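Data first, discussion second: the structure below is written as structure tokens.
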Amino acid sequence: MTRVALTGTPGTGKTTVGEIVAERTGVDVIHLNDAIREEELYTERDAERDSLVTDLDAVEEWLGEWDGVLESHLAHHFDADIAVVLRCHPEELERRLRERGESEAKARENAESEALDVVLAETVERFGGDTIYEIDTTDRDPEDVATDVVAAIEGESEPRVGVVDFIEYL
Ligand SMILES: Nc1ncnc2c1ncn2[C@@H]1O[C@H](COP(=O)(O)OP(=O)(O)O)[C@@H](O)[C@H]1O
């Protein structure tokens, strides 16, 4: 097994898809955002944003030589053999986040970040184009998306970047 970074803007479906991949393949999946809280892998609490400031070095150390699927919007900040970047049209993303109970401001902020390809750009910067599998989840159900993720993990599909263009949303 190798290490897979399963990343994407919040709301793209990483948690949902990660759970399906774990069920189907038996591969170990770490939901990093939970681990950061449970293992106290943060430097401080940002009270204003109601969020934790992740201690990237502490996470790296905690991961050690672990192999499996690392699921988080931060997953691409750590070493991995391949990166899977989930994408979602900003309007659908905003809807998903509102339905999940996020504030209007947070849903909007994430939708704009998705339109600007922020996570993809960060991932390309770290991984280069040859080990990234970008998957558009818009109008697809999580089971289908999980099938694509499993194919990427098992080396049955080709790396690809540049599959969406959401810039008109802005
Ligand atoms: N492919 C999908 N189509 C529609 N809704 C989805 C899809 N994947 C996830 N969702 C829903 O969108 C919300 C965000 O999904 P989640 O897996 O928590 O995303 P993330 O972990 O990337 O923040 C959840 O309410 C989830 O049920």
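Going by a ≥ b ≥ c, the root eigenvalues of the Cα gyration tensor, does segment 38-170 fall in the rounded group (a/c under 1.5), the prolate group (a/b larger than b/c) or the oblate group? Oblate, since a/c reaches 1.5 and b/c is not below a/b.
In loop segments of segment 31-61 as defined by DSSP, the trypsin sites (Lys or Arg not before Pro) with at most 13 further C-beta atoms inside 10 Å of their C-beta are Arg49. The trypsin sites (Lys or Arg not before Pro) of segment 77-108 that meet both conditions, a loop assignment by DSSP and at most 13 other Cβ atoms within 10 Å of the site Cβ, are Arg100.
The stretch between Glu143 and Glu91 holds 16.6 nm of extra length on full extension. This uses 0.36 nm per residue minus the Cα-Cα distance. For segment 1-72, state which GluC sites (Glu not before Pro) are in a DSSP loop and have at most 16 other beta carbons lying within 10 Å of their beta carbon. Answer in residue order: Glu39, Glu40, Glu48, Glu65. Computed over protein heavy atoms with a 1.4 Å probe, the carbon and sulfur contribution to the accessible area of segment 35-135 reaches 41%.
For every other residue with a beta carbon closer than 14 angstrom to the beta carbon of Val124, add +1 if it is Lys or Arg and -1 if Asp or Glu, then tell me the sum. After counting each charged neighbour, the total is -2. Rounded to the nearest 20 debye, the dipole magnitude of the chain is 300 debye, with +1 charges on Lys and Arg beta carbons, -1 on Asp and Glu beta carbons, and the Cα centre as origin. Towards the positive end of the charge dipole of segment 50-170, with charges on Cβ (+1 Lys, Arg; -1 Asp, Glu), say which of Asn110, Leu70, Ser157 has the farthest Cα. Towards the positive end, the residue furthest out is Asn110.
Counting each DSSP H run of 4 or more residues in the chain as -39500 (n - 2.57), what helix-only mean residue ellipticity at 222 nm follows after dividing by all residues, to the nearest 500 deg cm²/dmol? About -12500 deg cm²/dmol. Rolling a 1.4 Å probe over the protein heavy atoms gives segment 38-170 an accessible area of 57 Å² per residue. Within the listed set Ala121, Ala47, Ala105, the residue fluctuating most in the Gaussian network model of the chain (springs between alpha-carbon atoms under 10 angstrom) is Ala47.
The values are calculated or read from the model by the stated rules, or taken from the named source; none is laboratory data. On a predicted model such as this, the values are computed, not experimentally measured, just so you know. Positions of Cβ are generated from backbone atoms using ideal geometry, with glycine treated the same way; all protein chains shown enter the neighbour counts. Note: accessible area is taken over every heavy atom of the protein model, side chains too, but ligands, DNA and RNA are not part of it. Shrake-Rupley method; radii C 1.70, N 1.55, O 1.52, S 1.80 Å.
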